[in-house]
Amino acid sequence: MGKILLLVLAIWLLLTILKGYRRNVDSGQPAAKVDDMVQCEQCGVHVPADEGVQKNGKHYCSDICRNSHHPSGQ
């Protein structure tokens, strides 16, 4: 009797999990947009490309880093 009860409980749990997964898949909401990440030339922080700033083709996390970046040799 215990084995049957355990089997019924396992099947119920599996169906509940699958129903939740199916509800999330069928919700009709578009998948989250994934942005390209770029690394700041000054501090090394990674930021989404469309949120950072650029100068001379290089990416920076903020205007502060862009204005304070002094490449070696200059």
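FYI, it's all coordinate maths here, none of it is from the lab. The structure displayed is predicted, hence computed values, not measured ones. Cβ sites come from the backbone with ideal geometry, for glycine too, and all protein chains shown count toward neighbours.
Observations on the model:
- Environment charge at E41 (Cβ cut-off 14 Å; Lys +1, Arg +1, Asp -1, Glu -1): +2
- Taking the fewest neighbouring Cβ atoms within 10 Å as the starting point, the ordered list for E51, E41 is E51, E41.
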